Amino acid sequence: MKIYLNGNLVDEKDAVVSVFDHGLLYGDGVFEGTRVYDNNVAFLDEHMQRLLDSAKVIALEPGITKEELIKATVETCKANNLENGYLRHVITRGVGTLGLNPYLCKNTQVIIIAADIQLYPDELYANGMKLVTASTTRNSPGTLSPRVKSLNYLNNIMAKIEAINSGVNECLLLNAQGYIAEASGDNVFAVKGNKLITPPTWCGALEGVTRNKVMKAARDLGMEVSETVMTRYELWTADEVFLTGTAAEVIAVVALDRRTIGSGMPGPVTKKLGRAYRELAGTEGVRIQ
Ligand code: PMP
């Protein structure tokens with residue numbers, strides 16, 4: 001496997017960063033996860049824009065432009081003959097002292113890893129997934145904005161531990177006010193009649209690329225789509241609930257905290273939006289060749 005590291009494609013064994021890198025010491029950096037479908041890097045522009053926006057918010061000067069990132073991504077895919085898979089972009093603050101001061105870090109590290117995708121088992125797509133609500137609340141926007149896709153994912157990991165300990169794959173995170181934020185690694189939607197709702201980002205959600213595409217697809221299909229402050233009431237009483245994310249795509253949620261949602265099986269709207277999203281992901285983006 002060839003890894004992109006600061007302008008070079010190097011062997012996996014040579015793709016190393018220092019133990020003094022603040023990405024390791026403090027989770028000081030940003031990342032992205034992007035999919036490749038049949039030589040199409042889906043929504044690459046949107047992902048690179050979010051990477052740069054995340055970097056800007058944490059005052060990290062990436063030393064690379066969006067156009068350069070796109071070019072480097074295509075080169076990395078080519079070097080690995082990656083036609084289908086998952087890309088991980090990482091920008092760390094770089095090597096510094098053992099103190100926090102990010103301004104003492106000299107060189108940001110820009111990394112692109114081309115990998116296989118680890119999908120949820122087929123059974124979960126066929127029958128839907130069960131969620132529990134985590135007792136860990138989502139970071140409030142005034143601490144570390146959930147809109148920043150930072151290397152510090154402990155908030156999400158703490159919640160994920162609760163899901164796994166409860167015997168399910170994913171969990172719902174509420175914000176400090178008790179309103180729904182998102183799942184630990186996906187956005188959440190509810191369907192009621194012809195209406196599709198999802199929490200606004202200020203409630204504690206990442207502005208998911210999949211989220212945006214699914215909202216557009218739903219509007220194109222004639223649904224009434226809105227960002228709405230939500231409690232679990234809206235999920236428990238919905239016709240359908242689903243999660244969206246680059247890795248998960250669109251996946252049905254059939255139970256939350258032991259309350260069955262809708263029919264208890266993936267519903268027609270979830271399936272339709274899943275197909276519409278797949279269509280977009282195969283066509284919108286940057287072609288590798
Ligand atoms: N929320 C969180 C916390 C995530 O990590 C992700 C995955 N990147 C998402 C939502 C979904 O975002 P996207 O659709 O851009 O993958």
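Here is how the numbers come out for the structure above:
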| read-out | value |
| --- | --- |
| For region 2-115, accessible area per residue (1.4 Å probe, heavy atoms of protein chains only), Å² | 47 |
| Length released on extending from Glu75 to Lys13, taking residue separation times 0.36 nm less the Cα-Cα span | 20.4 nm |
| The chain: radius of gyration and largest Cα-Cα distance (Dmax), Å | 19.2, 56 |
| Largest-first principal axis extents, alpha carbons of region 122-281, Å | 37, 29, 27 |
| Calculated FRET efficiency for the pair Phe20/Arg275, C-beta based, R₀ 45 Å, to 0.05 | 0.40 |
| Percent carbon-and-sulfur accessible area, the chain, ignoring ligands, DNA and RNA, probe 1.4 Å | 54 |
| Spatially proximal lysines relative to Lys13 (Cα-Cα < 26 Å; intrachain offsets below 8 disregarded) | Lys2, Lys71, Lys78, Lys106 |
| Hz values of 3J(HN,Hα) by residue in region 3-14 - Karplus curve (6.51, -1.76, 1.60), Gly and Pro given as x | 10, 7, 9, 6, x, 10, 9, 10, 5, 3, 5, 9 |
| Modelled FRET efficiency - R0 41 Å, Leu98 with Ile157, Cβ distances, 0.05 increments | 0.95 |
| Eligible lysines near Lys192 by straight Cα distance, threshold 21 Å, same-chain separation 8 or greater | Lys130, Lys213, Lys216, Lys271, Lys272 |
| Two-decimal log10 I(q)/I(0) for region 60-194, as the Debye equation yields it once each C-alpha is a single scatterer, q = 0.13, 0.14, 0.22 Å⁻¹ | -0.83, -0.93, -1.24 |
| Where labels lie 7 Å past Cα in the beta-carbon direction, separation of Ala115 and Leu221 in nm | 3.0 |
| Inter-probe distance in nm under a simple model that places probes 7 Å from Cα toward Cβ, at Lys192 and Arg259 | 1.1 |
| Gain on full stretching of the segment that runs from Asp53 to Glu83 - 0.36 nm per residue minus C-alpha separation | 8.1 nm |
| Mean accessible surface per residue for region 130-289, computed with a 1.4 Å probe while every protein chain stays in place, in Å² | 45 |
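The values are calculated or read from the model by the stated rules, or taken from the named source; none is laboratory data. Note that the structure is a prediction, hence the values are computed from the model and not measured. Virtual Cβ from ideal backbone geometry, glycine too; neighbours counted across all protein chains shown. With ligands, DNA and RNA removed, areas are computed over all heavy atoms of the protein, side chains included. Shrake-Rupley method; radii C 1.70, N 1.55, O 1.52, S 1.80 Å.
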